[in-house]
Amino acid sequence: MSLGKAMIHARKQKAIAKAAALAADHPVGTYNVQPTHILQMPVLVLNASYEPINICGARRALVLVLKGIARTEEEHGLMLHAQRSHVPMPSVIRLLEYRRIPHQTRALSRKNILLRDRNTCQYCGDTLPPSELTLDHVIPRSRGGNSTWENLVACCHGCNRHKGNRMLNEIDDMILLREPRPFSLHTSRQIMRMLGRSDDRWRKYLFY
């Protein structure tokens, strides 16, 4: 195992151990927190007013429920087994106290750019798996472009090669499908709806 993979594995094991330790203090017993992928499943987070405000991993959702910060509104149908009992995995949780949500921002990352652009090349319009997409600087870095929300877009490899380090006004057959913008509440809602299509339990909270 390479050093990088070993470090990632160690971080995952540390996170699992932390969740297990918290669960061990809870009166229902000590939980078996494996397999790891179950704890990484997306969970919809609602404010106390039932307004959707975020998506978190199942491990984080369980911690919030165990601490009494949130309650499970919808169950996923899977069970997290314990030594003497079991806990249903949440699909939707709701905060017990209303939280005022400030203007939402997200870290600038490849994952979030692809989410914003819905895994769609912003030049040709092809929707592809994340592994078949890259990021393109609308104004190339070699021409003074920065790595910002407004200058990065999802791009297929073919369009990326065709554009190269040219400006769009230097290319006759390439235009942007939409102007790239930072994350907003509207963008977050769109992503929640996109992810919610795979879980019917989310629908009544998102599609209104």
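Structure data summary
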quantity	calculated
Conditions (1) in contact (Cβ under 8 Å) with a residue 60 or more places away in the chain; (2) among the polar types (S, T, N, Q); (3) in contact with a strand residue (DSSP E or B) (Cβ under 6 Å, 6 or more places away or on another chain); number of the one not met by ASN151	(1)
Selected residue [within 18 Å of the chain's Cα centre (by Cα) and exposed (fewer than 12 other Cβ atoms within 10 Å of the Cβ)] from ARG197, ARG161, ARG201, ARG178	ARG197
Top-ranked residue of segment 164-175 - restricted to ones that are touching a helix residue (DSSP H, G or I) at 6+ places or on another chain (Cβ under 7 Å) and free of Cβ contacts under 8 Å to residues at least 40 places away in the same chain, ranked as most open to solvent (accessible area, probe 1.4 Å)	ASN165
Matching residues, segment 182-194, being open to solvent by 70 Å² or more (accessible area, probe 1.4 Å) and without any contact (Cβ under 8 Å) to a residue 40 or more places away in the chain	HIS186
Qualifying residue in segment 36-52 (condition: at pLDDT 80 or above, open to solvent by 60 Å² or more (accessible area, probe 1.4 Å) and more than 20 Å from LEU195 (Cα to Cα))	yes
Residue list for segment 114-173, restricted to those being aliphatic (A, V, I, L, M) and closer than 23 Å to MET192 by Cβ	LEU114, LEU115, LEU128, LEU133, LEU135, LEU152, VAL153, ALA154
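Okay, residues lined up against (1) closer than 18 Å to GLU73 by Cα; (2) in contact with a helix residue (DSSP H, G or I) (Cβ under 6 Å, 6 or more places away or on another chain):
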position	(1), (2)
GLU179	no, no
ARG189	no, no
ARG193	yes, yes
ASP199	yes, no
LEU206	yes, yes
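The values are calculated or read from the model by the stated rules, or taken from the named source; none is laboratory data. It should be emphasised that the depicted structure is a prediction, and the values quoted were computed from it without experimental measurement. With ideal geometry, Cβ positions are generated from the backbone for all residues, glycine too; neighbour counts draw on all protein chains shown. Accessible surface areas use protein heavy atoms only, side chains included; no ligands, DNA or RNA. Shrake-Rupley method; radii C 1.70, N 1.55, O 1.52, S 1.80 Å.
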